[in-house]
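The values are calculated or read from the model by the stated rules, or taken from the named source; none is laboratory data. Predicted model only: the values in this text are computed from it and were never measured. Glycine gets a Cβ as well: all are built from the backbone with ideal geometry, and neighbour counts include every protein chain shown. Remember, those area values only see protein heavy atoms, side chains included, never the ligands or the DNA or RNA. Shrake-Rupley method; radii C 1.70, N 1.55, O 1.52, S 1.80 Å.
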Amino acid sequence: MSKIHVTTTVNGEPAEFLCQPGNSLLDALRDDLNLTGSKEGCSSGDCGACSVIVDGRLVCSCLMLAVEAEGKSITTIEGIANGDVLHPLQRKFLEHAALQCGFCTPGFLVAAKALLDHNPDPTETEARYWLAGNLCRCTGYDKIIRAVLDAAAEMRAGAPAGE
Amino acid sequence: MTPDISLSQVPAHARHGSSIGRPLTRREGVLKVTGVARYAADNHPAGMLYAVLAASRIARGRVTCLDVPAAMAHPGVVAVMTPANRPALALDPDAKLHPFMFRLDLLQSDAVRYANQPIAVVIAETLEAATEGAALLAPRYEALPARVGLDAGESFVPPVVGVGHPAEQLVGDVEAGLASAARRVDATYETPAQYHNAMEPHAVVAAWDGDSLSLDMPSQGMAMAQARLAGLLGIAPENIMIRSPFLGGGFGSKGLIAGPQVLGILAARLVGRPVKLVLRREQMYGPVGHRPPTRQRLRIGAGADGTLTALAHHALITTSTFDDFFEPAADASHTLYASPAIATSHTAVRIDTGTPMFMRAPGEATGSIALESAIDEAALACRMDPLAFRLKNYAEVEPISGKPFSSKALRACYAQGADRFGWAGRPLAPRQMRDAAGMLVGWGMGTATFPALMFQAEARAVIRRNGGGVVEIGAHDMGQGAWTALAQIAADAVGLGIEQLEFRSGTSDLPDGGIAGGSAHTATAGMAIHAAGGEAVARLAELAMDDARSPLFGAGNAGVVARDGRLFRRDDESRSESYADILTRAGLAQVEGRGKSGGDPAAQTAYAMHAHGAVFAEVKVDPDLGQLRVTRLVGAFAAGRIINPRMVRSQYYGGMIWGMAFALHEEAVTDRRSGRMLNANLADYHIPVNADVPEMEALLVEEHDPHVNALGIKGVGEIAITGTGGAVANAVWHATGMRARRFPIRIDDLV
């Protein structure tokens, strides 16, 4: 089967890859672009471990075809930090111990960034429901919410952040 | 002269500058929040092929046909591994040489003994081609009726339950105790099959080089996996290198190597190229273990004043048709409540299922939710507050054995938890509280307990002339924070700041760190590290005390203490010398120590060793719709010395959510006709999501245990499930007046 050439933007950098029509964006990211931070937990859009942002929208990359990335701009976990400077969400996840095994963490961070991009001042309930599509089996979630709300507060205050 | 450095007598936390007890952030945290942490399935060696399992769609019978030519004809497919061509094994996968050797399905025949059993492996250049190849196999079967559920067959008394525990235990005369009781409870509870569902599916990336095998594979027990593989493959254990730097959760399902991982290794051998095999989520409901369903009958007798006269706990459990794992559910009644008569017993039924396995608090979780529910019912029968009833029957010694506890701060847990929650003033009767929106409000509690276990481990410690140190141990971090907590213990063990210490772990070429299970990893690996560090420091001390040029010369019986890269004379801390100076003068680049750990049989014989806790829950129930939310959870736990409170609180939170999920969410549903699971995915098998989770608090109750081990460490990984399930169930009763005895509790139980 002939492969399709896809030209896209990943984490602000131009990227291209060859894929088959049936390949998922997640497989293209992980296998072709070697961006293995996005994880596969279910391949059915239930767990959110593969979350990426595509043109400003939060997407489960296991449910999106790789060819649909043509001309789009994609943000993955690898693009959240600003070089060596962690994003406030990343720092707050560490501070609040909002991660344990870490397998769901990239998806949570990407989903949380998408939340704060849309809504810089979410209520706890808004954060909990926005992040309800990301499963975590370790933490009990509470610390994740604390970290997201704390990061949001810091970013609103313009306190030392990732720029 | 043997120097008295007395490291084991001075608790590490008492030493100045200790790393133990500090709430350090996770050492591998930056790798995890940036996506850099490399889990098994993130590896992609050159020339790698993808393997995909074909799994059985029947639960019992045999495979009569696999369309191998169709699969092979698909572009990209390299090989199809079936019973006909699977590489030979040195050991029958159905052999059971010891109780910890569980039988594996490695394509040894065409027989099918449970749904989702591996029946073939397709290996291809791409994941998509392998997946399509597996579909093209279009297996045909000769199916036999599936045996499903607790009533599927004749029950029998298992030879042992759990890890070698008697299936039946008895103290006193339970029937007489029940007969003499003024109040009695006789209630039967059912719990469902549950699946571990670690977020990371089981995976292996296997590469052979001659008879050497290199593996990227999540493991909670690398040395055991190495030994198991060596036996199956007929190669030396040291020829097997396992890298398991990060596990995406385990919860017991990665404690022993799973059949599908071995199949990935065999696939690599078959094709002579590296192979990656990752289970699809739905394939994790079968060959990688589960918590079996139970039906538990609790009979409790109490005097009019609430004093227990008898406690009888029977558990009916399921296991597979071909192996022996027996969930020790009734043993939960051994520890918590004083009673002159206690009887625990188990019976089992063999059904067409994958073999159940250790799943976070195996036995404790299932048994606890039934026991804590029944205790709540007994308190009600005695017209007593549930906390007062538990205090009335507080066990001063372990009820089943009569042994004293090595430590037990459960009273403090009850008091601090109740105070924080605001338990006082709770009405005895149900349906008495409503919130402003008219929701029924209920408060419930449960007691938590988990044994303080110790396994065996080894470690190596090196102190270097340049002022640094290295500690090595093949330990496992499945998210619990081992890299951080063990490094803290290691820094103290060698008397260095944690910044000066290089901590190496997570590969099988390091000293055997034991198994990360039974909530015993911090204690077990920690004690091996403590011993290794102690030996390295002892070597340094010998060098210094025997050398007339050292300020420590002749410290002798006074001994020395190690901290911050120096040895200090214990009776005169103005006299000290740096590690660097000691080693420089001795002309040595480094000193090394090795240490082992294991339980102390004398202490284990003398004392009952358990962590304890108390959990308080608030639920709100819509009186018309039965819709239910947990709104508050407060747990208070005493588990000996806390190495890192930040990590420990996370473990408690996670456990409490598992307990809540036990009461309200998790349930594997099996189709009675086909024996297949109806909800083998994360949409239909419910684990809590963010929106389900209440406001939570976990209190760390101080407890000093001089007997469990020299560091005073119990375990924290599993205890918080226990108690929490019962607390939520009891709160549901308190809100609604309806007692659900089948878990998870459903809306239709409440309207």
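For residue A:83, state whether it is open to solvent by 10 Å² or more (accessible area, probe 1.4 Å), within 12 Å of chain B (Cβ to nearest Cβ), more than 23 Å from residue B:75 (Cβ to Cβ) and at pLDDT below 95. Taking the combined requirement at face value, the residue satisfies it.
Of the residues in the stretch B:711-741, how many are modelled with pLDDT of 95 or more and farther than 30 Å from residue B:529 by Cβ? Spell out how you get there, then give the answer.
So the first thing to find is which residues in the stretch B:711-741 are modelled with pLDDT of 95 or more, and the list is B:711-739, B:741.
Among the residues that remain, those that are also farther than 30 Å from residue B:529 by Cβ are: B:723-739, B:741.
Total satisfying the criteria: 18.
Residues checked against (1) among the basic types (Lys, Arg); (2) farther than 29 Å from residue B:333 by Cβ; (3) surrounded by 20 or more Cβ atoms within 10 Å (Cβ to Cβ):
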{"position": "B:89", "(1), (2), (3)": "no, yes, no"}
{"position": "B:105", "(1), (2), (3)": "no, yes, yes"}
{"position": "B:112", "(1), (2), (3)": "no, yes, yes"}
{"position": "B:123", "(1), (2), (3)": "no, yes, yes"}
{"position": "B:128", "(1), (2), (3)": "no, yes, yes"}
{"position": "B:134", "(1), (2), (3)": "no, yes, yes"}
{"position": "B:144", "(1), (2), (3)": "no, yes, no"}
{"position": "B:164", "(1), (2), (3)": "no, no, no"}
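Checking each residue in the stretch B:477-527 for being within 14 Å of another protein chain (Cβ to nearest Cβ), among the small types (Gly, Ala, Ser) and surrounded by 24 or more Cβ atoms within 10 Å (Cβ to Cβ) picks out B:479, B:481, B:482, B:485, B:516. Taking the numbered list (1) closer than 22 Å to residue B:477 by Cβ; (2) open to solvent by 10 Å² or more (accessible area, probe 1.4 Å) in turn, residue A:47 passes all entries but (2). For the stretch B:135-158, the criterion of being assigned to a loop (DSSP other than H, G, I, E, B) and among the β-branched types (Val, Ile, Thr) is satisfied by at least one residue. Looking at the stretch B:193-210, can you tell me whether even one residue there is over 25 Å from residue B:456 (Cα atoms), of a type in the set (S, T, N, Q), part of a loop (DSSP other than H, G, I, E, B) and modelled with pLDDT of 95 or more? Taking every residue of the stretch B:193-210 in turn, at least one turns out to be over 25 Å from residue B:456 (Cα atoms), of a type in the set (S, T, N, Q), part of a loop (DSSP other than H, G, I, E, B) and modelled with pLDDT of 95 or more. Only a single item in (1) touching a Gly at 6+ places or on another chain (Cβ under 9 Å); (2) open to solvent by less than 70 Å² (accessible area, probe 1.4 Å); (3) in contact (Cβ under 8 Å) with a residue 24 or more places away in the chain; (4) farther than 30 Å from residue B:695 by Cβ is not met by residue B:566, and it is number (2).
Scan the stretch A:16-49 residue by residue and report those that are away from chain B (no Cβ under 11 Å) and in contact (Cβ under 8 Å) with a residue 24 or more places away in the chain. If the condition is that a residue be away from chain B (no Cβ under 11 Å) and in contact (Cβ under 8 Å) with a residue 24 or more places away in the chain, then A:17, A:25, A:28 are the ones that fit.
Per-residue answers, yes or no, for (1) surrounded by fewer than 19 Cβ atoms within 10 Å (Cβ to Cβ); (2) within 29 Å of the chain's Cα centre (by Cα):
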| position | (1), (2) |
| --- | --- |
| B:366 | no, yes |
| B:378 | no, no |
| B:391 | yes, yes |
| B:398 | no, yes |
| B:410 | no, yes |
| B:414 | no, yes |
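Consider residue A:147 carefully, then state whether it is assigned to a helix (DSSP H, G or I), buried (at least 24 other Cβ atoms within 10 Å of the Cβ), away from chain B (no Cβ under 11 Å) and of a type outside the set (S, T, N, Q). Quick ask: steps written out before the conclusion?
Values: assigned to a helix (DSSP H, G or I): yes; buried (at least 24 other Cβ atoms within 10 Å of the Cβ): yes; away from chain B (no Cβ under 11 Å): no; of a type outside the set (S, T, N, Q): yes.
Answer is no for this residue.
Contact map, the stretch B:186-198: residues that are under 15 Å from residue B:730 (Cα atoms) and open to solvent by less than 10 Å² (accessible area, probe 1.4 Å) paired with residues that are charged (D, E, K, R) and outside any strand (DSSP E or B), Cβ distance under 9 Å, separation 6+ or inter-chain. Pairs shown: B:187/B:377; B:187/B:739; B:187/B:741; B:189/B:741. Among the residues making up the stretch B:701-717, those that are out of contact with any His (no Cβ under 8 Å at 6 or more places or on another chain) and open to solvent by 20 Å² or more (accessible area, probe 1.4 Å) are B:702, B:704, B:706, B:707, B:716.
Would you check if residue B:594 is open to solvent by 10 Å² or more (accessible area, probe 1.4 Å) and touching a strand residue (DSSP E or B) at 6+ places or on another chain (Cβ under 8 Å)? Break it down stepwise before answering.
Details: open to solvent by 10 Å² or more (accessible area, probe 1.4 Å): yes; touching a strand residue (DSSP E or B) at 6+ places or on another chain (Cβ under 8 Å): yes.
For residue B:594, the condition - open to solvent by 10 Å² or more (accessible area, probe 1.4 Å) and touching a strand residue (DSSP E or B) at 6+ places or on another chain (Cβ under 8 Å) - is met.
For the stretch B:79-100, the condition holds for no residue, the condition being that it is in contact (Cβ under 8 Å) with a residue 12 or more places away in the chain, in a strand (DSSP E or B) and of a type in the set (Ser, Thr, Tyr). Pairs linking a residue in the stretch A:54-78 that is more than 18 Å from residue A:3 (Cβ to Cβ) to a residue that is open to solvent by 20 Å² or more (accessible area, probe 1.4 Å) and of a type in the set (Val, Ile, Thr), with Cβ atoms under 6 Å and 6 or more positions apart or on different chains, are A:73/A:9.
Across the stretch B:199-235, the number of residues qualifying as more than 30 Å from residue B:317 (Cβ to Cβ) and either touching a Phe, Trp or Tyr at 6+ places or on another chain (Cβ under 9 Å) or without any contact (Cβ under 8 Å) to a residue 12 or more places away in the chain (or both) comes to 5.
Residues in the stretch A:129-144 that are at the interface with chain B (Cβ under 7 Å from one of its Cβ atoms) and surrounded by fewer than 21 Cβ atoms within 10 Å (Cβ to Cβ): A:129, A:132. State all residues of the stretch B:16-37 that are within 13 Å of another protein chain (Cβ to nearest Cβ) and of a type outside the set (D, E, K, R); if no residue qualifies, say none. Those that are within 13 Å of another protein chain (Cβ to nearest Cβ) and of a type outside the set (D, E, K, R): B:23, B:24, B:25, B:29, B:30, B:31, B:33, B:34, B:35, B:36, B:37.
Might you check whether a residue that is outside any helix (DSSP H, G or I), under 17 Å from residue A:51 (Cβ atoms) and either at pLDDT 95 or above or more than 7 Å from chain B (Cβ to nearest Cβ) (or both) occurs anywhere in the stretch A:109-128?
There is at least one residue in the stretch A:109-128 that is outside any helix (DSSP H, G or I), under 17 Å from residue A:51 (Cβ atoms) and either at pLDDT 95 or above or more than 7 Å from chain B (Cβ to nearest Cβ) (or both).
With B:225, B:310, B:268 as the choices, which residue is crowded, with 24+ Cβ neighbours inside 10 Å, part of a strand (DSSP E or B), away from every other protein chain (no Cβ under 14 Å) and not polar (S, T, N, Q)?
Numbers: B:225 fails: part of a strand (DSSP E or B); B:268 fails: part of a strand (DSSP E or B).
Within the list B:225, B:310, B:268, the selection yields B:310.
Listed by position, the strands (runs of 3 or more DSSP E) contained in the stretch A:1-104 that have at least 3 residues being more than 28 Å from residue B:250 (Cα to Cα) and not assigned by TED's automatic domain parsing to the domain that holds residue A:116 are A:4-10, A:13-19, A:73-75.
The residue that is nearest to the other protein chains (Cβ to nearest Cβ), among those in the stretch B:680-697 that are of a type outside the set (A, V, I, L, M) and open to solvent by 10 Å² or more (accessible area, probe 1.4 Å), is B:681.
In the stretch B:174-211, which residues are of a type in the set (Ser, Thr, Tyr) and farther than 12 Å from residue B:300 by Cα? Full working, then the answer.
Residues of the stretch B:174-211 that are of a type in the set (Ser, Thr, Tyr), as a first pass: B:180, B:188-189, B:191, B:195.
Listed by number, the residues that qualify are B:189, B:191, B:195.
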